[in-house]
1. Students often get this wrong, so check it: of A:LYS402/B:LYS43; A:LYS239/B:LYS233; A:LYS239/A:LYS276; A:LYS231/A:LYS305; A:LYS73/B:LYS54, which have C-alpha atoms separated by over 30 Å?
2. With labels modelled as points extended 7 Å from the Cα through the Cβ direction, what inter-label distance (nm, one decimal) is found for B:THR393 paired with A:LYS201?
3. Suppose every K and R has +1 on its Cβ and every D and E has -1 on its Cβ; what is the size of the dipole of chain A about the Cα centre, in Debye to the nearest 20?
4. Considering only DSSP beta bridges where both residues belong to the protein assembly as shown, give the percentage that are antiparallel (nearest 5).
5. Quick one: length gained pulling A:ASN251 to A:GLU355 fully straight, 0.36 nm per residue minus the C-alpha distance?
6. What percentage of all Cα-Cα pairs in the range B:1-144 are separated by more than 22 Å?
7. Taking only DSSP H segments of four or more residues, each worth -39500 (n - 2.57), what value at 222 nm results for chain A once the sum is divided by all its residues, to the nearest 500 deg cm²/dmol?
8. Quick check: pseudo-label points 7 Å beyond the Cα along Cα→Cβ at B:ARG81 and B:ARG150, how many nm apart are they?
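Nothing in this text is a laboratory measurement; each read-out follows from the coordinates by a stated rule. These numbers come from a predicted model, not from an experiment. Please note: Cβ atoms are built from the backbone with ideal geometry, for glycine as well, and neighbour counts cover all protein chains shown.
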Amino acid sequence: MSASAVFILDVKGKPLISRNYKGDVAMSKIEHFMPLLVQREEEGALAPLLSHGQVHFLWIKHSNLYLVATTAKNANASLVYSFLYKTIEVFCEYFKELEEESIRDNFVIVYELLDELMDFGFPQTTDSKILQEYITQQSNKLETGKSRVPPTVTNAVSWRSEGIKYKKNEVFIDVIESVNLLVNANGSVLLSEIVGTIKLKVFLSGMPELRLGLNDRVLFELTGLSGGKNKSVELEDVKFHQCVRLSRFDNDRTISFIPPDGDFELMSYRLSTQVKPLIWIESVIEKFSHSRVEIMVKAKGQFKKQSVANGVEISVPVPSDADSPRFKTSVGSAKYVPERNVVIWSIKSFPGGKEYLMRAHFGLPSVEKEEVEGRPPIGVKFEIPYFTVSGIQVRYMKIIEKSGYQALPWVRYITQSGDYQLRTS
Amino acid sequence: MAVNSFIKDCEDPNPLIRALAVRTMGCIRVDKITEYLCEPLRKCLKDEDPYVRKTAAVCVAKLHDINAQMVEDQGFLDSLRDLIADSNPMVVANAVAALSEISESHPNSNLLDLNPQNINKLLTALNECTEWGQIFILDCLSNYNPKDDREAQNICEQVTPQLSHANSAVVLSAVKVLMKFLELLPKDSDYYNMLLKKLAPPLVTLLSGEPEVQYVALRNINLIVQKRPEILKQEIKVFFVKYNDPIYVKLEKLDIMIRLASQANITQVLAELKEHATVVNVDFVQKAVWAIGRSAIKMEQSATCCGSTLLDLIQTKVNYVVQEMIVVIRDIFRKYSNKCESVIATLCENLDSLDEPDAREAMIWIVGEYAERIDNADELLESFLEGFHDESTQVQLTLLTAIVKLFLKKPPETQELVQQSCLRSHGSLKTEFFEPTVLDELICHIGSLASVYHKPSNAFVEGSHVIHRKHLPIHHGSTDAGDSLAGTTTATNLEQPQVIPSQGDLLGSLLN
């Protein structure tokens, strides 16, 4: 069901620190991990789950570290990967940056955390805010009375401590929608979906009960508000932070919760949409082999005039043997990035409804390359503040605490590019 | 000495110290010492502080690993079972985890003693414990066999909210429970159909996670699509490959896309496959080309469409694409002898680039089969014959067969080419299909390593003779809940309702 041991390795595969939870897999087995990884990578058969004899390695990579769990049993793979990612999250909260230096500089804390995060292979307490209350950078926590395990750890509300106090009680709500788009070479939209997240920054005293009201279509239908003026959003799938009462949501679509302190992601949702792609790209890439390649890219902002897209970056793939770039843009600037084999056309401010053009010209060597190259798609990055594609709205945020204070909720909407790709012919 | 300090620490006024003592005690794997640790452990299991109790619960599992007999003799298993009724959800979750871990080495004893009463306690704790506790409880629930469809439905209703959890492991464990209990629900009920609909969105959302999580999800979705294709039939677009997906994600998505392909969406799928046949990864391309061929074989109306897609691909002149294609075209010809004949001439032009044994074999077969349409068939075969001893056995056999065919069609030209003939053996399939019992067993292991390897746990876990094979619950239980845990696989599977995929509808239902 669980992991046998967890290792943190450096980029060469050497263990920096490890914890043996169950003792049924020899710690020396980790030596097989890196050679196995390198071999599989060369074969083009890399996978997150590798096995060597009876030992299985489940691994993830974070900057210049590998986190590897070993097991000899039929462990719950999804649990192990979730746990490894959670561990990274906890370390990042503690050390800000997580890389080899952070581990080397903080062996003691890392060891204490590995001790608390998992017991005998079962994940235990992984909430970094709560952990920070009793596993701290200060030394010797075993002085009597000095530190105790917060009762929060075993409470039903294990993500928020009692006795939090703020002078000014506020909640900041960020609704961030990412647009994923996949367009075919002949311009037809293969995949168009919105992945939204609602992130909260909570500065509230005590143990407040919060209720979030969205213009959720299913909720409207249940409460008879659908039709007419009430615009609603059909959320295909919703995922919640563990603080949300899932059974209430399942019952009547109420989103009610006692929030953790500080910032956290409350929920994420997904919906497919037939809406026009926000930024539409038309491209003509003419390759005259042995001589030159000419690229013409037209970008159209297909969103309302009042909105403006910021930080637009359009990356157009270029053959890897191209040279001598020359650009002409109607707005913004273009830059050739040879290490990624792309031209990046940056437009600081792109109002809705506008259309802009870029032309690029590259030379090609007279000797053609032997190998076949892949055809990477055109990628687009952008951010449109005060705007959502789906039309989702925070109708209200009710905050109730027994001391009866008034708290102010603030809402902000933003739409950004997710996986936004247009294939080229 | 060390023992004394542990015993003292287990009575320390600070619960943190008591718990740390219990936790460390369990890591000392020296038999002599463990005897002394029983008393402190017993006290901590009944400690007033839940943090201590939850740590003590895990300690029992640790001790069991060191000395199973002692744990049983000292009655710790009963204490663990009592903790399932504890007021604190974390304690319950850890007790469940410990008992589940221990019962892995005792497959036939009903250690957890699951019955409707303690199932209810588990369901209550499910709503209150952390995400990890939820996973322990859900995995435990998936081993329970409800006595009738009402109980199954009740449990499903309480588990379904967990599909909205942000933690993908919770979602997968919930899916496992639901997939198992679906077997017991009446197929025509509204609830059954609603549940099927509810399962699709969370599975799709799993694909927005980190790549490793996507990989585990995809391997499991592959099983689910084979068992219950109706759940994801409408969602084929989700499995269209993205350029920057890691290779292991791409291969899985491709596999699932093939399984979901049907008459209705075949044109889209072919367009997508063609796009990927030019990607620079040999495994991937071969799989894509193979998939095109399979589509042609499965759906006759699309054979011409597939044929033209393949012709387009030949023009790319990419060596491994062409080679893979020849194998695929040979398979198409074997099924439909009069389609795609225009291809033959183009194929013959590409003979020089063939070095893969499969491709050479396929080409030889084609030449032999269509000898009458190929003017220089004898020359082509002769060129293959020159390197006869360097070829693989397979190719050699095919060559001999082709020569015989040629001889029968054009005897005078082939005289010199004739040698003794053998039967040629069947080609190899490029994807896996499961025996129904194996598939069912893998469904019982959704989320685990077995579901990622697509192999039952006894294939890769040592000491596998003690692992009990799991199987799906049977409708209208002819055995009661207690027995089926211990049952063998033979009797129970006879009555299992099987989902029989309708022929010609889904491509993936190619069960030979």
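1. Numbers: A:LYS402/B:LYS43 38 Å; A:LYS239/B:LYS233 22 Å; A:LYS239/A:LYS276 26 Å; A:LYS231/A:LYS305 21 Å; A:LYS73/B:LYS54 24 Å.
Pairs exceeding the cut-off: A:LYS402/B:LYS43.
2. According to this spin-label approximation, the distance is 7.1 nm.
3. On the way: 52 positive and 51 negative charges, 326 e Å.
About 1560 debye.
4. On the way: 110 of 125 bridges.
Taking every DSSP beta bridge with both residues in the protein assembly as shown, the antiparallel ones total about 90 percent.
5. Values: separation 104, 0.36 × 104 = 37.44 nm, distance 4.71 nm.
Additional length available on full extension: 32.7 nm.
6. Details: 3642 of 10296 pairs.
Percent of Cα pairs beyond 22 Å in the range B:1-144: 35.
7. Theoretical 222 nm ellipticity from helices: -4500 deg cm²/dmol.
8. 2.7
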